[in-house]
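The values are calculated or read from the model by the stated rules, or taken from the named source; none is laboratory data. Just so you know, these numbers come straight off a predicted model, no measurement behind them. Note that we place each Cβ from the backbone using ideal geometry, even for glycine, and neighbour counts take in every protein chain shown. The protein model used for the area step is the full one, side chains on, heavy atoms only, and it has no ligands, DNA or RNA in it. Shrake-Rupley method; radii C 1.70, N 1.55, O 1.52, S 1.80 Å.
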Amino acid sequence: MDRYARQEVIRGIGPEGQAKLKAGHVTIIGLGALGSVAANLLARAGIGHLRIVDRDYVELSNLQRQVLYDEDDAAQATPKAIAAADKLRLVNSEIEIEPVLADVNSGNIDHFIEDADVIIDATDNMEIRLLLDEACHSNQKPWIYGGALAACGMTMNLLPEDDAPCLHCLFGSAEPDGETCATAGVLGAMTSIIASIQCAEAIKILIGSPDVRRTLLSIDIWNNTWDELEIRKDPNCPLCGENRYEYYGKPAGAQSVSLCGRNAVQIVPQKEIETDFDTYAKNWSACGEVTRSKYMLDLDMGDHGIKLFRDGRAIVRGTSDIAKAKSIYALE
């Protein structure tokens, strides 16, 4: 029996729609709670090319909601992009899985979206979402916003149409204040629901369905509410109204950011470099326990630690203070 038999018989898909999915190219940015579910579903649906992008590695606290990973991935601190690709290739060997271990920024985002037919937002960072909004607006690419917190979630299709709103129309240009997953938590069932809806919309977009949703969908599964809101294009929007870019096209430069709920800081160098793990391991050996894998070098100093990636990017554990993290990274 054909792998996609139960999908092809769905009204609106059929063999012709399945062929479009096979020819489709989807980029998923972020492989946490939303992204791991989305990658799993789209691989099983037969999307021909899946590019999966993530900067992070698997931790034990991820397993409650990030469905592609297991305890061994957490014990080995496997990069999420690599762990996800390994699992997905066992699920569907007929499609192309392209894992990318990278931090998404204004200097590289075009490489991830320019040849994609649709992009799925599975990040946990509003600044990256606003960058994605601007990049997709410039490249005329459809993308699907998704977010979840506690037992609530939202998703919206952002389409390259003249009368369609952008994410800036919804949120403005600033990251909204409020609770985070570290303070409010997140229910695995909620993230699975939002990611599943994102995937259904991605399939509709890829096959050219007239039923693509054009509203903001807001769900609270604890209080059993499901609301659709019409978001209109703001004629004074700096992005889709005035074509002004705050994030996209700007020099990436060196960056440091505190990671939500992690007590950790990511440090990104001015430009990507090919890190010599042997030299770092030798220099770090007097500072603590050093372990290494194909993808990263880890220094454990007890209360603090550093994970160094091949491109020079590092995650400093044990503090959310950027200045202190830079001092630890410099081993001062």
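Listing for the model above:
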item: Filter result (assigned to a loop (DSSP other than H, G, I, E, B), open to solvent by 10 Å² or more (accessible area, probe 1.4 Å) and within 19 Å of Glu201 (Cβ to Cβ)) within the stretch 33-65; result: Gly48
item: Where Glu246 falls short, out of the listed (1) more than 30 Å from Asp163 (Cβ to Cβ); (2) under 24 Å from the mean Cα position of the chain (by Cα); result: (1)
item: Any pair with Cβ under 9 angstrom, 6 or more apart, that starts in the stretch 193-220 at a residue that is farther than 18 Å from Gly24 by Cα and ends at one that is open to solvent by less than 50 Å² (accessible area, probe 1.4 Å) and of a type in the set (Phe, Trp, Tyr); result: Leu216/Tyr145
item: Test: residue in the stretch 66-85 that is outside any helix (DSSP H, G or I), open to solvent by 50 Å² or more (accessible area, probe 1.4 Å) and out of contact with any Asp or Glu (no Cβ under 6 Å at 6 or more places or on another chain); result: yes
item: Residue check for Asp303: open to solvent by 10 Å² or more (accessible area, probe 1.4 Å), modelled with pLDDT of 90 or more and either out of contact with any helix residue (DSSP H, G or I) (no Cβ under 8 Å at 6 or more places or on another chain) or not aromatic (Phe, Trp, Tyr) (or both); result: yes
item: From Asp124, Asp162, residue being out of contact with any helix residue (DSSP H, G or I) (no Cβ under 6 Å at 6 or more places or on another chain), at pLDDT below 95 and either surrounded by fewer than 21 Cβ atoms within 10 Å (Cβ to Cβ) or not in a loop (DSSP other than H, G, I, E, B) (or both); result: Asp162
item: Matching residues, the stretch 207-218, being open to solvent by less than 30 Å² (accessible area, probe 1.4 Å) and not in a loop (DSSP other than H, G, I, E, B); result: Ile207, Leu216, Leu217
